[in-house]
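Working notes, beginning with the structure itself.
Nothing in this text is a laboratory measurement; each read-out follows from the coordinates by a stated rule. Note that the structure is predicted; figures quoted are calculated from it, not measured. As a convention, Cβ positions derive from the backbone with ideal geometry for all residues, glycine included, and neighbour counts pool all protein chains shown.
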C-alpha cells in the first residue's frame, strides 16, 4: 500500500514516544497467554506499554484496556481482526499490507516498510518473520537507538509461542481466523487449516516431549534469537512462555507461584 492511499498516516518513528517509559510488553497470539492473567494485571497496573499483535488486539483491549498501547498489522491477505476496534487506536501498519485491514473507525495510523521494500517512503523495519517479529525489531531499535543509552529497559514477551502442544494453537483473545468470512463454518475451516500448518514440517524435543511447529515458525524463532544477540546489557528481556525464545540474553521462563 502506497503512502498516497492513506495520506493521514504518520511514520512509525512518531510512535516511538509510546515506549518512552522503558517498560514494554510484546503480546502475541500463542496459547500460553491464557496462563498469564496475574502477570497482565500487574503490567497494566504498573503502566507498561503494550505492543499487540493484530489477531488478539480487539479482545485483549476489551478485557484489559491498557493505557499505553499500539497494534501491529502486516498481513497482505484480507482479514477482519481490527474491525471491532473503537476509534482512536494506535495502529502500526505495514505499507504493503491489505488496506482493507485498517479499522473502519478513525485511527492513528503509523506506517512502516520492510527492509526489502524498494522505493519506501517510511521508516524501514527488519522482520525476523510474523507480525510479532516486526514488532520485536521496532521495540529493540527504539530502545537501542532512539532512547538514552544510560537508561535501563524491560521487555516482557507474552504469548510468543512459536511451537505448540497438540491440543492448542490460539489463546482466548485470538479473533476467529477467517480472512473476512461471515460464515461460521468458513471461519472454523480456516482456523483448523492454520492449526495444521502451524504444526507441520518440524519437530524437536523439549524436556522429553516432542513438540511440533512449522518450518516458518522454526525459522522465525531462530531469526528472533539471532536478532537478540546484538541487544545491549541495559535491556532486560523476560520470556513468559515455556515454548518461546531461548537465548542467553533472555531470562528464561519460570512458572509463577
When all alpha-carbon pairs of region 46-129 are counted, what percent fall beyond 19 Å? 36
Can you tell me which of 57-65, 13-21, 134-142 comes out highest on packing, and rank the rest after it, using the mean Cβ neighbours within 10 Å? 134-142, 57-65, 13-21
Given bins 10 angstrom wide, list per bin the percent of all Cα-Cα distances in region 1-157, short to long. 11, 43, 36, 10, 0
Taking alpha-carbon centroids only, region 67-140 lies from region 228-251 a number of Å equal to 24
Residue order, fewest to most surrounding Cβ atoms within 10 angstrom, among 89, 37: 37, 89
What is the ratio of the Cα radius of gyration of region 1-81 to 2.2 N^0.38 Å, where N is its residue count, to two decimals? 1.21
